[in-house]
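The values are calculated or read from the model by the stated rules, or taken from the named source; none is laboratory data. In this text, all values refer to a predicted model and were calculated from it rather than measured experimentally. Remember, those area values only see protein heavy atoms, side chains included, never the ligands or the DNA or RNA. Shrake-Rupley method; radii C 1.70, N 1.55, O 1.52, S 1.80 Å.
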Amino acid sequence: MKITHIVVLSGTILLAALAGWLFLACDPPTENDPNFITVTSDKYEMPADKTSTAEITVVVYDNTHAFVEDGTAVYLTTNCGDIAPGVVTTSGGQATATLTSSETECKAIIHAEVPSENRNANSNEINMYDTGPDYIEMYAEPPKIKADGVQTSTITAYITRDLVNPIEDGTEVFFNASAGTLAANTATTTSGFANTTLTSGKVETFCDVTAICEDRSKTIQVEFTSADAQYIVLSANTNSIRADGTSKATITAEVWLEYGVEHVPDDTEVFFTTNLGSISPSTDTTENGIAHATLTSSNTAGIATVYGTSGGFDDSIQVYFYEDGAAGVDLRAYPNAIPADGESELTLTAQVRNGSYEPVENEVVNFSTTRGTLSSNTASTDETGTATIRLKSSTMVDDNVLCTAVAGASSDRVTVRFTQATSDEVEYVQVVAEESEVDVGFTVPEVPPDPPDYTLYPRIIVFVYNHLDDPIIDKNVVVTSECGSIIDETGNPASVGTTDFIEIDPDNWQTCYVCYLKTDTCTLSGTKTISAVSDNVTGTDTINFLADDPCYLSLTADSYMINGGPDGGGTTTLRIAVTDQYLNAVRNGTPVTLDYTCNCSDCSKISINNQNLTTSSGITTTLLSVQADAAIADCQVVITGVASGAAAGCTPSDDATISIAS
């Protein structure tokens, strides 16, 4: 939880600040001059043990309520504990330092100052509490409440006899508070805990709450705060407007005391700025947590970033300024193939959009084609931004007839075909395996369905198309697979079938043939091809069969003997192969762990280069090394390899023995 405070000037300081403001009104500061500072801490209390730390964050804003330029120096001091570093420089308007707790109880206040601009701010008090033998811990939840005479904070005291065991149930605890009202001044403990409720007063202050038990006491502070902003959210009624110098977007700032729970009070100030175009007003006040400003576009296209700031918190939103007129063309043909008979026609449709993807009306579109005859070379867009003409085929077969539409500086192309194929002639076959990866074998459900549900197998869908890209009904199809067998949803053989109008999914009917791949006998991993043939036209798709979990491990060495002794020393390569129950190489990345024992006089002279390995194509290797040493000779090293994630009933492990000779 961040504790945030904005500097408040009072008394002489306020008069000096006002005088400075009047001076600045006559001779305003430059844009990047520091204007105000916030100081926050990630803790509101910590033990006075001289080691605990809190992170202090300083944020410095300039006169436009944006972050100051990088490298602005901020000087930090504290009345207790240690702050380091004492001088920080901003990056992105922010800088951080570390507060280390004191040795004795105190309430630390961090003071941040930019001396050159006479700007400063203090943090909230950070309570450094005694860790000695008072045996009382206290908490306030929340530690801050509004000074409205209504909000409450739960005060909890936890009391132990020996810093470990809670005090006896029923022990009386007395509470008092320096401000606000306690629901009860006494409470009795349960499992060491005693509670009361503090209701805020109507004056901003720090309220000292004390718990007294026998001869021990503990005091914490609860802050009665003003209604400053704690969160701001910016939105716009549109994300794009024309770059004409007059188009407008409404910017809305919603400002919260507690996000989603409580807005700031009415008349809280919100400051607006933009890097492109203009915004008015630059300052607005909230009503029901809402403030508004109007963004007016510039005459230049670009992206405007609008900032809203309130109480030291800010948010931003972007609005695109776009040039009017054609900014994009989308050309489509329907159908995309017609017979080359000199009579058949297709429709060319061009949709024209501006920079905001809005339709552009009355835009002239120029059409052209490399073959055939256009009904017109130009057409104007309607209110939907659409211009349409017709293209009549030639009598020459051509699979690459290029059609083009141009509007302004934008254009698009589409390729169509003039073909002599009849509508019932098969042009191509498409095979769709709905599962691209399956495990080898077949995983039986934990509770097998009764009757069997063959739709648990991968579904295969076959489409047969003519030259118009229309699916053809009543076409014979022969389906084969490199692995497994083709069945229907009842489990009967279905390698031969006929396309029909079939409900693939609810509300999704397709002209196709549907079957299933029974995978029980597919125990060899790798990519398998599913083929479908109709009128001697073939289509294919693939399914990748993944290896099962590890079941077998083989550990071998390039050499099973290494010379030892003072003149010896050497290495041997250890090779580990891991397979599943069907002897497929396991999946890449399967973890393998190596361990070893030895009967040598000094096993520390023996090492394995890497004892935690992963497989690639089922294989992994590492190096066993023996140092030259008189003590390492005439002994043996036993290496054990184990693969993780073993399949049920499998133990993928193996041993290898390496002899060390003198």
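Amide H contacts of Asp33 (H built 1.01 Å from N, in plane; Pro and chain starts excluded): Asn63 sit under 5 Å, all sequence-distant by 5 or more or on other chains.
For region 435-522, the C-alpha radius of gyration divided by 2.2 N^0.38 Å, with N the number of residues, is 1.19. Using a probe of 1.4 angstrom and keeping all protein chains present, the accessible surface of the chain works out to 50 square angstrom per residue. Residues whose amide H comes within less than 5 Å of that of Ser410, counting only those at least five positions distant or on another chain, are absent (H built at 1.01 Å from N in the peptide plane). Scalar couplings 3J(HN,Hα) for region 372-386, obtained by applying the Karplus form with A = 6.51, B = -1.76, C = 1.60 to θ = phi - 60°, are x, 10, 8, 5, 6, 8, 9, 7, 9, 6, 8, 5, 8, x, 10 Hz; x denotes Gly and Pro. According to the Kirkwood relation over distinct C-alpha pairs, the hydrodynamic radius of region 458-571 is 17.6 Å. Between amide H atoms placed 1.01 Å from N, distances below 5 Å from Asp500 occur with Asp474, Cys512, Tyr513, all of them 5 or more places distant or on a separate chain. Its residue count N sets the reference 2.2 N^0.38 Å, and the alpha-carbon radius of gyration of region 516-578 equals 2.21 times that reference. When the helices of the chain are scored as -39500 (n - 2.57) per DSSP H run of n ≥ 4 and the total is divided over every residue, the value at 222 nm lands at -1000 deg cm²/dmol. What is the distance in Å between the Cα centres of region 537-560 and region 372-409? That distance is 54 Å. Distance from the C-alpha centroid of region 428-485 to that of region 30-89: 65 Å, rounded to the whole angstrom. Converting phi to 3J(HN,Hα) with the Karplus coefficients 6.51, -1.76 and 1.60 and the offset θ = phi - 60°, region 137-146 yields 10, 10, 9, 10, 10, x, x, 10, 9, 5 Hz in sequence order, with x at every glycine or proline. The largest-to-smallest principal axis extents of the Cα set in region 276-382 are 75, 24, 20 Å. With all pairs of separate Cα atoms included, region 381-513 yields a Kirkwood hydrodynamic radius of 19.1 Å.
Straight-line cross-link partners of Lys605 among the lysines, defined as a Cα under 17 Å from its Cα and at least 8 positions apart when in the same chain, are absent.
In the chain, what percent of the accessible surface is made up of carbon and sulfur (1.4 Å probe, ligands and nucleic acids excluded)? With neighbouring chains kept in place, the figure for the chain is 47 percent. Taking every Cα-Cα distance in region 141-289 and sorting them into 10 Å bins from zero, the calculated P(r) comes out as 10, 28, 21, 15, 12, 9, 4, 1 percent. Reported value for region 102-212: 115 Å³ per residue, from the convex hull of its C-alpha atoms. For region 521-528, 3J(HN,Hα) computed residue by residue from phi via the Karplus equation (6.51, -1.76, 1.60; θ = phi - 60°) reads 8, 8, 10, 9, 6, x, 7, 10 Hz, glycine and proline entered as x. At q = 0.06, 0.07, 0.10, 0.11 Å⁻¹, what log₁₀ I(q)/I(0) does a Debye calculation on the Cα points of the chain give, no solvent, two decimals? Ignoring solvent entirely, the Cα scatterers give -0.81, -1.00, -1.02, -1.03.
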